[in-house]
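The values are calculated or read from the model by the stated rules, or taken from the named source; none is laboratory data. Owing to the predicted nature of the structure, the values given are computational and were not obtained by experimental measurement. For neighbour counting, all protein chains shown are included, and Cβ atoms are generated from backbone atoms with ideal geometry for every residue, glycine included. Heavy atoms of the whole protein, side chains included, go into the accessibility calculation; ligands, DNA and RNA do not. Shrake-Rupley method; radii C 1.70, N 1.55, O 1.52, S 1.80 Å.
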Amino acid sequence: MYVRQLAVTDFRSWEHAELDFDPGVSVLIGPNGQGKTNLLEALGYLATLSSHRVSTDAPLVRQGAQRAIVRTAVVHAGRELTVELEISPGRANRARLNRCPMPRPREILGVLRSVLFAPEDLALVRGDPAVRRRFLDDLLVLRSPRLAGVQADYDKVLRQRVALLRSAGAARRPEGGAGDLRTLDVWDGHLARHGAELLGARLDLVVELAPHVVAAYHAVAPELVPNPAPEAASAQLEYRSSLGEGVAPGTAGAGKADIAALEQAMLMELARVRPAELERGVCLVGPHRDDVGLRLSGRPVKGYASHGESWSFALALRLGSYQLLRCGGAEPVLLLDDVFAELDTQRRARLAEVALAAEQVLVTAAVPADVPAELAGARFDVHGGTVRRLR
């Protein structure tokens, strides 16, 4: 898979830009603040319908404009598809596939698969659980676009249930709270059904992703791995569910999570914590409360790992994702946003090895010296609101 063309209109700092790419390596070079990251962000948004930098759409639209448009031509297995997304803050975004309007933007998910590594990824190991949950969910959607619908359904039910909990003061009074509590029972069922499917998918994903992350960490930071310790003793991933330590994949045969069992477990836990939820007005059970534990040689990365170890783990998470997607049959586009400047010589070389094996890799850098010499390919100059191909 590779991106043949990218065009943006009123996206971030760009009034308009259009780039033609080839398979292999393409490097966008220019001083900081010229919009290089914005172009990679546009591709990442098309792949996941979310930005790696902001949580809302408003910052994506150029100041003074009403909407932004991102369009790309993607080639996979000899077939070219054109995807267009209109981003309109405060209104529903609109998507087109080969110029045909799609019922929902998420219908375009899966056309472009990409893995983006950026300086913000240090938050994967040092940030809040929400960052790691989003990492898992974005990867889930890249592997199985239908799960975007599951996520949307879960989020909708969660909002409705939280609203009911917050207005449950009347339901706690004797004069007729039973009706409200019966309504809460209904929403518990909806939350458990959608939540169990999302939780099961995450559990299975962590099991499949873990060996790729272990291998990637060994590749990018061999000097940090205990020797001769086994691989499992170095980099480790552990899903931490709000249902407790007993939740684990592999309970339904073939190493897959038992969705029915997870649904029942959620219903039981929701019943147990209901008094606390009514008291606090928050939903205390579900995938929105979960986390992924990251450990190095048995110790938590957060709070214990050095700066170099943290960077190596963040890089291993992205490279592990890349390898997992490759195993799924559709090699993703690798996007490296100004990351070589953050790495030492050895890690640069390791990352360059992976990049050279990719069908397409797009790199941004402030100066040519930040890019390893072996990453020869197309060069683009990004400066003063224009982008120009040099070779």
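Things to note:
- Residue in segment 301-327 that is surrounded by the most Cβ atoms within 10 Å (Cβ to Cβ), counting only those that are free of Cβ contacts under 8 Å to residues at least 60 places away in the same chain and not in a helix (DSSP H, G or I): 304
- Just one of the listed residues (75, 54) is open to solvent by 10 Å² or more (accessible area, probe 1.4 Å) and over 23 Å from residue 2 (Cα atoms), namely 54.
- All of 334, 375 fail the test of being over 25 Å from the mean Cα position of the chain (by Cα) and either on the phi < 0 side of the Ramachandran plot or not in a loop (DSSP other than H, G, I, E, B) (or both), apart from 375.
- From 310, 297, 321, residue being at pLDDT below 90 and within 20 Å of residue 129 (Cβ to Cβ): 310
- Among (1) open to solvent by 80 Å² or more (accessible area, probe 1.4 Å); (2) touching a helix residue (DSSP H, G or I) at 6+ places or on another chain (Cβ under 6 Å); (3) in contact (Cβ under 8 Å) with a residue 40 or more places away in the chain - the single one residue 383 does not satisfy: (2)
- Selection within segment 360-371 - part of a loop (DSSP other than H, G, I, E, B) and either more than 29 Å from the chain's Cα centre (by Cα) or crowded, with 19+ Cβ neighbours inside 10 Å (or both): 371
- Going through (1) part of a strand (DSSP E or B); (2) in contact (Cβ under 8 Å) with a residue 60 or more places away in the chain; (3) open to solvent by 60 Å² or more (accessible area, probe 1.4 Å) one by one, residue 388 falls short only on (2).
- Residue 252 vs. criteria assigned to a loop (DSSP other than H, G, I, E, B) and either open to solvent by 30 Å² or more (accessible area, probe 1.4 Å) or modelled with pLDDT of 90 or more (or both): yes
Residue by residue, here is whether (1) assigned to a helix (DSSP H, G or I); (2) under 21 Å from the mean Cα position of the chain (by Cα) holds:
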residue: 82; (1), (2): no, no
residue: 85; (1), (2): no, yes
residue: 92; (1), (2): no, no
residue: 96; (1), (2): no, no
residue: 107; (1), (2): yes, yes
residue: 112; (1), (2): no, yes
residue: 115; (1), (2): no, yes
residue: 122; (1), (2): yes, yes
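- Candidates 210, 276, 271, filtered to the one that is touching a strand residue (DSSP E or B) at 6+ places or on another chain (Cβ under 8 Å) and either among the charged types (D, E, K, R) or modelled with pLDDT of 90 or more (or both): 210
- Residue identified as of a type outside the set (Gly, Ala, Ser), touching a residue at least 24 places away in the same chain (Cβ under 8 Å), open to solvent by 70 Å² or more (accessible area, probe 1.4 Å) and within 23 Å of residue 207 (Cβ to Cβ) among 126, 67, 134: 134
- When the residues of segment 218-249 are filtered to those that are part of a helix (DSSP H, G or I) and either open to solvent by less than 40 Å² (accessible area, probe 1.4 Å) or modelled with pLDDT under 85 (or both), the one that is nearest to residue 201 (Cα to Cα) is 232.
- Matching residues, segment 31-51, being surrounded by 20 or more Cβ atoms within 10 Å (Cβ to Cβ) and farther than 24 Å from residue 113 by Cβ: 34
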